[in-house]
Every structure is written in C-alpha cells, then in structure tokens.
1. Starting from the range 238-249, take each residue that is closer than 20 Å to Pro227 by Cα and list its partners that are in a helix (DSSP H, G or I) and of a type in the set (Gly, Ala, Ser), counting only C-beta distances under 7 angstrom and pairs at least six apart or across chains.
2. Inspect the range 226-235 for any residue being aromatic (Phe, Trp, Tyr) and out of contact with any Asp or Glu (no Cβ under 7 Å at 6 or more places or on another chain) and give the result as yes or no.
3. Of the residues that make up the range 325-332, is at least one surrounded by 15 or more Cβ atoms within 10 Å (Cβ to Cβ) and touching a strand residue (DSSP E or B) at 6+ places or on another chain (Cβ under 6 Å)?
4. Considering only residues of the range 260-306 that are free of Cβ contacts under 8 Å to residues at least 40 places away in the same chain and among the basic types (Lys, Arg), which is surrounded by the most Cβ atoms within 10 Å (Cβ to Cβ)?
5. Looking at the range 101-128 only, could you name the residues that are among the aliphatic types (A, V, I, L, M) and within 12 Å of the ligand (Cβ to nearest atom)?
6. Would it be correct to say that Arg337 is within 14 Å of the ligand (Cβ to nearest atom), surrounded by 13 or more Cβ atoms within 10 Å (Cβ to Cβ), of a type outside the set (Phe, Trp, Tyr) and in a loop (DSSP other than H, G, I, E, B)?
7. Out of the residues in the range 52-94 meeting the condition of being polar (S, T, N, Q) and at pLDDT below 95, tell me which one is farthest from the ligand (Cβ to nearest atom).
8. Which numbered condition in (1) without any contact (Cβ under 8 Å) to a residue 40 or more places away in the chain; (2) within 16 Å of the ligand (Cβ to nearest atom); (3) within 19 Å of Pro333 (Cα to Cα) is the only one that Val98 fails?
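The values are calculated or read from the model by the stated rules, or taken from the named source; none is laboratory data. These figures come from a predicted structure and were not determined experimentally. Quick reminder, even Gly has a Cβ in these numbers, built from the backbone with ideal geometry, and neighbours come from all protein chains shown.
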Amino acid sequence: MIGNSFGRFFRITACGESYGIGKGSGLAVILDSIPPGLKITDADIQKEMDKRRPGKGKLNSPRKEPDQCHIFAGIGQDGVTTGAPLGIMVHNVDTQEVHINQYKSYKDLIRPGHAEYTYFVKYGENADWCGAGRASGRETVGRVAGGAVAKFILAKEGIELMAFTKECMGIKAKEMSFDEAKKNYMKNEINCPDLEASEEMIKKVMEIKNEGDTAGGVIELRIKGVPAGLGEPVFDKLQATLSHALMSIGAIKGIEFGAGFKVANMKGSECNDHPYLEGKKVSFKTNNAGGILGGISNGDEIVIKLAVKPTPTVSVKQPSINMKEMKEEILSPITRRDPTLLGRIYAVAEAMAACAILDALYMYRGYDNVCRIDNPWRQKSNPK
Ligand SMILES: Cc1cc2nc3c(=O)[nH]c(=O)nc-3n(C[C@H](O)[C@H](O)[C@H](O)COP(=O)(O)O)c2cc1C
C-alpha cells in the first residue's frame, strides 16, 4: 500500500485497521515538523477523538470504542514536545468474535458501494476481509489524532476550524455566520447548528435507518483567521491542497469552494467579490471565492462544502458477486454501521483541513524567510 502520508512539512503518516489481531491491535499516527516546547497532552487530543468516536447514540455505529489516545513519542521529561516526531496510538477494544464471524460469513462477497471489489482487484486474496481494513471508517482515527495536533498549533496562530451538517436528504440548514453556527455547534446528534432543521434531519435518518438503509448529506467547513498569502499559484493552489486532504476521506464524493457549482449560473459581475477599504484593510463585500483567489488565501473565511455519500453497508438485499466462485449472489450484511456518517465525519474534515492549512503555513513562512519578503501590502491584509 502506497500513500500513507500526507503533507510536505507538517506531515502525517498513519497506519492501523479496524480489527487487526491480538490485544495490541489499533491505529497509530506519526507527525513530522512538531515545534519544540508545545505543552500538548493526551487530553487535548482526546477532545477531538471524542467528536469522531462511534457508539454515542442512535445515529452512529453501536461499536463501543472509547478511542482513548496515548502520545507514546515526542514528549520529553519536562512534559513538552522536544521537536522529535510525535507518535500517537489508539487501541481497538471492541473487536468481538461475533463480529469477526459476521465478516467471515461473507468474506468473499463484495459489498456494493464499499471497497471490497477494488481491494480484491488490487490486493488479491490477502485483502483484509474483516471490517474493511484500511477502507474502514476507523482508519480516520489517525487523521483525527494528527489533525488535533495541527488544530492545537493553528489555534496559537488565531486560526479556527469548524465543520457542521448543512444538509441531509434534502433538508437544508439556514445560512449562518461562523459565530452563529458556533453557538449551536455539536448541540445535537447530527451536529446541525440550525436546531429546527436538525430535528427534521434526525427524524428522516431514523425513518431510513428503520428501513435498514442509510442517509447522505452535506457538511460545511469554515476556516477563520487564515492570513492572506497561503497557497502557491500553480500546482499547489490552496484549494488543490485542501481538496487532496478532504477528498482522501472515505465517503466524500464532492467538494465546493465558496459559491461552488452555483458559479455556473452567475454573471461575472455577480460572481466577483467586490473589494472595499475597511480603514486601510482590503475587504470583500461577498465571499463567492470561498476565501481563495489564484490559489492563494485572500484573508477571508475559507468556506467549503463536502458531499457525503450514504454509508454503503445497508441491510437491504442487494446484488453482489462472490469473488472466489465468480458467481452472482444476493447480499444483506448484518454488520455494525452508521445510519448516516454526518454525525462523525465533520471531525475528520476539520482534522484534514487543519493538516492542510498548517502545511501551507509552514510553506508560506519558509518561502518568505528564505526570500526575505517584506511586502507592505501583506501587512495591510494581515493586520494582526
Ligand atoms: C468516520 C467514518 C465512518 C464510516 N463508517 C462506515 C460504516 O459504519 N459502514 C460502512 O459501510 N462505511 C463506513 N464508512 C464509509 C467507508 O469507509 C467508505 O465508503 C468506503 O471506504 C468506500 O470508499 P468511498 O465511499 O470513498 O468510495 C465510514 C467513513 C467514515 C469517514
């Protein structure tokens, strides 16, 4: 398996499966470019892990995993980071025989919408049949642990990230400012800050769950406090780096920046964000660009929407293929699953965006330092 790392400077490398063998099985992440002297603890990381973990309610998988994280490397005797790579480990604790046997009972069958077919094609008969291996949503444990550290560093730079449910099966939350959304962030199981819409969404998901089916939706991700200047003009545009980070999350099928696909029906004069002077600072009347122009952050909020597909595992009978016997069969899996991914995946989106923004920040500061750039306009755009 290739491609288990993300980032050029702030680099995360992750491993681990949702089952694995033996008592020590679990997931780990190694982080490069950790500044020395950070007072970061297991508890700081756990706050983010708790947003993602399953078993919290009727809208997510009943698997009981506390996702207790433990920093096992990179902290010195003084209790602060030493600049060495930070290592974080999370053990699997709810890997019961009964569930392993469930997976075993249809191990040669492909689950429609899941990764078994492509894993069979790529890894052959040794592909992990228990709990989907690296294609499991549990793979995102390492991302969230790494992202928690990135968020911790970004907070010191005044950069804050928040993701929430914007839409579920056609039910839409109203438009909200960052601060309005933050007031009701994580207040309900589906993490929709429009409390009225959240009730309708939960009702809809429960109806679908009772049919043995699953529901999709849209997550909105906001990033506040990003200075103007992050991102490179050509291949490493900030939206390209963010897309790489976010589109690498399982079940994310679409991404929009700012007005996104709506630009297709706009006139140029409507789409363009008109600049104005706020004292001596350049600001924009609208944010159709989603905070990025020419691949470079413009100092406005970064606004991203992510299309989340319905969880592929459903109990509804569906056509499948037995890959060992090359025979068509009908499958209705009985394994644990999330009736919708919306109540958990937002934490993974925040984590991956934090890794991408911190990586871009390292690149931006490194370039400026070596090139000794002292740009008077930059200071006006980034008054802090
Ligand atoms: C946090 C999270 C939890 C997930 N939980 C499940 C699950 O319980 N059951 C399932 O079938 N898929 C789940 N998925 C989705 C699969 O991992 C994903 O759909 C699969 O790997 C196929 O990849 P693709 O949908 O990107 O093509 C989850 C994904 C995430 C990010």
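1. From the range 238-249, the pairs are Leu238/Ala360; Thr241/Ala356; Thr241/Ala360; Leu242/Ala353; Leu242/Ala356; Ala245/Ala353; Ala245/Ala356.
2. From the range 226-235, those aromatic (Phe, Trp, Tyr) are 235; that's our starting set.
When the remaining residues are screened for being out of contact with any Asp or Glu (no Cβ under 7 Å at 6 or more places or on another chain), the result is 235.
Scanning the range 226-235 turns up at least one residue that is aromatic (Phe, Trp, Tyr) and out of contact with any Asp or Glu (no Cβ under 7 Å at 6 or more places or on another chain).
3. Going through the range 325-332, the residues surrounded by 15 or more Cβ atoms within 10 Å (Cβ to Cβ) turn out to be 331.
Now restrict to residues that are touching a strand residue (DSSP E or B) at 6+ places or on another chain (Cβ under 6 Å): 331.
Looking through the range 325-332, at least one residue is surrounded by 15 or more Cβ atoms within 10 Å (Cβ to Cβ) and touching a strand residue (DSSP E or B) at 6+ places or on another chain (Cβ under 6 Å).
4. Step by step, filter the range 260-306, then rank; the result is Lys262.
5. Filtering the range 101-128 down to residues among the aliphatic types (A, V, I, L, M) leaves 109-110, 115, 121, 127.
Residues satisfying the conditions are Ile110, Ala115.
6. On the way: within 14 Å of the ligand (Cβ to nearest atom): yes; surrounded by 13 or more Cβ atoms within 10 Å (Cβ to Cβ): yes; of a type outside the set (Phe, Trp, Tyr): yes; in a loop (DSSP other than H, G, I, E, B): yes.
For Arg337, the condition - within 14 Å of the ligand (Cβ to nearest atom), surrounded by 13 or more Cβ atoms within 10 Å (Cβ to Cβ), of a type outside the set (Phe, Trp, Tyr) and in a loop (DSSP other than H, G, I, E, B) - is met.
7. At the first step, the residues of the range 52-94 found to be polar (S, T, N, Q) are 60-61, 68, 77, 81-82, 92.
If we keep only those that are at pLDDT below 95 as well, we get 60-61, 68, 92.
Values: Asn60: 8, Ser61: 5, Gln68: 17, Asn92: 14 Å.
The qualifying residue farthest from the ligand (Cβ to nearest atom) is Gln68.
8. (2)
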